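First up is the structure itself, then whatever we jot down about it.
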Amino acid sequence: LEFRRVLFRSRPVTDDDLDDMALLLTRARPDDPVDIVNFRHRDASWDHTRLWRERLGVWDGSGVLRGVVTVSHLRWEWDPDRYELQLVVCPSARRTGIGGTLHDWAMTSLERRMAISVRVEVPETDSTSLRWAQRRGYVEAGRAWEGRLVVSQANVDALRAGCARATGAGVRVTTLAALVLEADGRPTPDPRTAGARSAASTPRAPAWQIGR
């Protein structure tokens, strides 16, 4: 038998780590890849004057980011005493203690802030992560759905009547591409016939929560 000692180090995540964090998120959920430009924009738009947030990452001996936890106020449901937690570990580094270590750090941080509750979202198809959350005291607090845009499989025939009613009421339907062409003085296509669009809904994890 061959035994190898794997060393990990942890430190706060900085702006220089965002590209690696986006790559980690994509590896963890390849069906939902992260666009780095949008990811950086959302990160930069965080209002640190009103919303609290902390991040901790774990790197292996080669300097590869293996896990990260973000604990913060709920951005869209702000409450001074309620928080959300996002914990991601690279699939190849799971069952090494990284997730538990990051979670313990986050709980310590929340205890200092006297948090009432913390929410974490887990895909219901990920039974391993659901059991992991349950073992740490999380209970189901709500469910949500993810909408995915599948352009190549689009069929918008049923939407055309609604589009006609909107334009008849004075609503202008357009696209960013058409606005760019218009600004350049070039002819713009009719967005109602320029291409197909469709959305497929897939079940998303319930929100699991500690506290009330």
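Couplings 3J(HN,Hα) of segment 35-42, computed from phi: 7, 5, 5, 5, 4, 5, 5, 5 Hz, in residue order, whole Hz [Karplus 6.51 cos²θ - 1.76 cosθ + 1.60, θ = phi - 60°; x for Gly and Pro].
Report the far tail of the P(r) of segment 85-155, meaning the percent of Cα-Cα pairs longer than 16 Å.
Values: 1473 of 2485 pairs.
Result: 59 percent of Cα pairs exceed 16 Å.
Working note: Karplus 6.51/-1.76/1.60 with θ = phi - 60° gives segment 177-182 the couplings 4, 5, 5, 5, 4, 5 Hz, where Gly and Pro are set to x.
Taking the Cβ-Cβ separation of ARG131 and ASN38 as r and a Förster radius of 30 Å, what is the calculated FRET efficiency to the nearest 0.05? Don't jump to the answer; show the numbers that get you there.
On the way: r = 31 Å, r/R0 = 1.05.
My answer for the efficiency is 0.45.
For segment 76-181, the carbon plus sulfur part of the accessible surface works out to 55%, probe radius 1.4 Å.
A cut-off of 5 Å between modelled amide H atoms, ignoring neighbours fewer than 5 places along the same chain, links TYR83 with SER117, VAL118, ARG119.
The values are calculated or read from the model by the stated rules, or taken from the named source; none is laboratory data. Bear in mind that the values here come from a model prediction, so they are computed numbers and not experimental data. Neighbour counts run over all protein chains shown; Cβ positions are idealised from the backbone, glycine included. The protein model used for the area step is the full one, side chains on, heavy atoms only, and it has no ligands, DNA or RNA in it. Shrake-Rupley method; radii C 1.70, N 1.55, O 1.52, S 1.80 Å.
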